[in-house]
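Worksheet for the structure shown next.
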Amino acid sequence: MRAKVGLAAIITEVVVVALLGATFCRNAGAQSGPLSGKPQITNGKVEQREVKTGVAQEVDAWAAAAEKAEWLGYSVPAVVGDRGMCCGDTGGDWNGGRACGPCQLEGSRSGNSNNVQGADMKLEGPSNLVVLLRAEGRKIGRIRAVSEPCVLDAGGLQFTWLTGAKARESVKLLQRFVDGKELEQHGGERLSRSALMAIAMHGDTSADQALASFVAPDKPESMRKEAAFWAGEARGAAGVELLKRMAKEDSSSEVRAHVTFALSISRENNAVDEMIRMAHEDASGHVRGQALFWLAQKAGKKASSAITGAIENDPDTEVKKKAVFALSQMPKDDGVPKLIQVAESNRNPEVRKQAMFWLGQSNDPRALDFFERVLAK
């Protein structure tokens with residue numbers, strides 16, 4: 001079995017994914033028709049009202065009057081793509097374009113929302129995003145975001161549905177709740193994390209502007225990292241452009257290392273090119289090593305060439321060793337022959353030793369043949 005080396009180094013890179021829930025919904029078929037913007041709401045007293053003075057003003061007035069717990073929701077256009085925002089407490093599929101849940105808004109199963117995308121989502125995801133806010137004691141205490149097809153169980157509480165919400169106004173409202181100090185804390189359901197996630201899923205350019213504001217040099221590292229994650233996860237070409245600026249301009253090697261991960265989860269073609277540039281050019285060996293690691297997860301000819309190039313040309317032996325480890329993470333048909341080549345011919349004895357170690361962990365017959373040849377000499 002391959003040794004679990006390097007996992008501790010990447011736990012912080014993916015912690016946000018774990019915090020968003022553990023259960024996925026999938027797009028199982030075509031939508032039955034145009035979506036209305038309003039989800040199906042059950043087990044609650046629903047009142048509908050129109051946004052007249054602006055989203056923030058309506059929400060503020062609603063929260064100021066909410067002595068007992070109640071919910072408010074509205075819909076805005078979602079980012080285009082094969083993703084859905086489902087509930088961590090559901091195991092259902094999209095069912096005729098309506099079922100994703102039900103999402104339990106109250107109680108012990110009121111899991112957070114989960115951003116889902118993948119090869120099994122054949123068609124474009126839902127066209128609308130539902131933003132949910134919970135107030136109690138005249139204060140907003142929770143924010144959630146789900147896709148329109150999700151069925152919402154309001155837990156017997158009052159539920160106010162706003163019509164006519166504008167995405168730009170929604171982003172401006174949610175920006176209030178993104179707090180760097182909260183983002184430094186791990187675990188729990190933080191308003192900041194939920195608000196930032198919801199912003200990233202808005203299908204409006206104001207969301208790109210908001211994310212750019214979160215990565216300004218004066219913002220905490222935790223905020224810059226979280227914004228980088230969502231730039232790669234949800235913002236497409238605009239997100240990659242933001243990550244490229246961060247890769248060149250952010251002064252923190254820890255943030256830039258996180259940018260390599262964010263680039264790795266983007267599906268934009270030029271994301272790999274920027275990872276390769278970082279693997280070659282970043283001033284920090286730590287960042288170059290992280291870029292190589294995530295390139296290995298992408299595989300492909302470009303990634304393979306960048307990794308082997310680092311083994312030959314990077315001036316830092318530690319980076320070379322990380323590149324060897326990256327080879328061990330590639331598909332065996334690509335990685336094992338290259339590891340054998342490094343073990344046979346690299347001029348650096350530490351690098352050759354590292355290649356032999358990972359060959360020994362591979363349990364690959366070609367590695368065994370190589371060791372037999374070496375021992376027979």
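So who's got an amide H within less than 5 Å of the one on E148, skipping anything under 5 residues away but keeping other chains? H placed 1.01 Å off N, in plane.
N128, V130
Starting from the Cα of K301, draw a straight line to each of the lysines and keep only those under 22 Å, dropping any in the same chain fewer than 8 residues away.
Within reach: K244, K320, K321, K322, K332, K338.
Taking R0 as 30 Å, what's the FRET efficiency between K139 and T205 from their Cβ-Cβ distance, rounded to 0.05? Could the numbers behind the result be given before it?
Details: r = 31 Å, r/R0 = 1.02.
After rounding to 0.05, the efficiency reads 0.45.
So which aspartates and glutamates can K248 reach, going by Cα to Cα under 17 Å and dropping same-chain residues fewer than 8 places off?
D218, E221, D273, E274, E281, D282
What accessible area per residue, rounded to a whole number of Å², is obtained for region 292-377 using a probe radius of 1.4 Å?
Per residue, region 292-377 has 52 Å² of solvent-accessible surface.
Could you please state how large a percent of the accessible area of region 229-284 is carbon and sulfur, counting protein chains only and using a 1.4 Å probe?
On the way: 920 of 2060 Å².
About 45 percent, which is the carbon plus sulfur part of the accessible surface.
So what are the ³J(HN,Hα) numbers for region 258-272, from phi and the Karplus equation (6.51, -1.76, 1.60; θ = phi - 60°), rounded to whole Hz, Gly and Pro as x?
5, 4, 4, 5, 4, 5, 5, 9, 6, 9, 6, 4, 7, 5, 5
Net charge near K244, counting Lys/Arg +1 and Asp/Glu -1 over other residues with Cβ under 14 Å of its Cβ?
Values: positive: R235, R245, K248, R256, R277; negative: D208, E241, E249, D250, E268, D273, E274, E281, D282.
Charge balance in the 14 Å sphere: -4.
When ranked by the protection proxy of mean other Cβ atoms within 10 Å per residue, highest first, what sequence do the peptides 197-206, 133-142 form? Mind dumping the intermediate values first?
Details: 197-206: 23.0, 133-142: 16.7.
Descending packing order for the listed peptides: 197-206, 133-142.
Hey, what do the phi angles of region 351-358 turn into as Karplus ³J(HN,Hα) couplings, whole Hz, using 6.51/-1.76/1.60 and θ = phi - 60°, x for Gly and Pro?
5, 4, 4, 5, 4, 5, 4, 6
Which of the lysines could a cross-linker bridge to K38, judged by Cα under 17 Å and excluding same-chain residues fewer than eight apart?
Within the straight-line limit of under 17 Å, K38 reaches these lysines: K166.
All other residues with a Cβ under 10 Å from the Cβ of D316 taken together, and with Lys, Arg as +1 and Asp, Glu as -1, what is their net charge?
Values: positive: R288, K320, K321, K322; negative: D314, E318.
Its environment carries a net charge of +2.
May I ask you to evaluate 6.51 cos²θ - 1.76 cosθ + 1.60, the Karplus curve with θ = phi - 60°, for each residue of region 229-234 and list the ³J(HN,Hα) values in order in whole Hz, giving x for glycine and proline?
Along region 229-234, the couplings run 4, 6, 4, x, 6, 10 Hz.
What does the charge dipole of region 222-377 about its Cα centre add up to, to the nearest 20 debye, if the Cβ of each Lys and Arg holds +1 and the Cβ of each Asp and Glu holds -1? Provide the component values of the computation, followed by the final result.
On the way: 24 positive and 22 negative charges, 35 e Å.
Roughly 160 debye for region 222-377.
Over the heavy atoms of W161, what accessible area does a 1.4 Å probe trace out, to the nearest 10 Å²?
For W161, solvent-accessible area is about 10 Å².
Cα-based Rg of region 180-250 per 2.2 N^0.38 Å, rounded to two decimals? Could the numbers behind the result be given before it?
Numbers: Rg = 11.4 Å, N = 71, 2.2 N^0.38 = 11.1 Å.
Cα Rg divided by the expected 2.2 N^0.38 Å: 1.03.
The values are calculated or read from the model by the stated rules, or taken from the named source; none is laboratory data. Please read these numbers as outputs of a predicted model, since none were measured by experiment. FYI the Cβ positions are ideal-geometry reconstructions off the backbone, even for glycines, and counts take in every protein chain you see. Side chains are part of the model used for accessible areas, which takes the heavy atoms of the whole protein and leaves out ligands, DNA and RNA. Shrake-Rupley method; radii C 1.70, N 1.55, O 1.52, S 1.80 Å.
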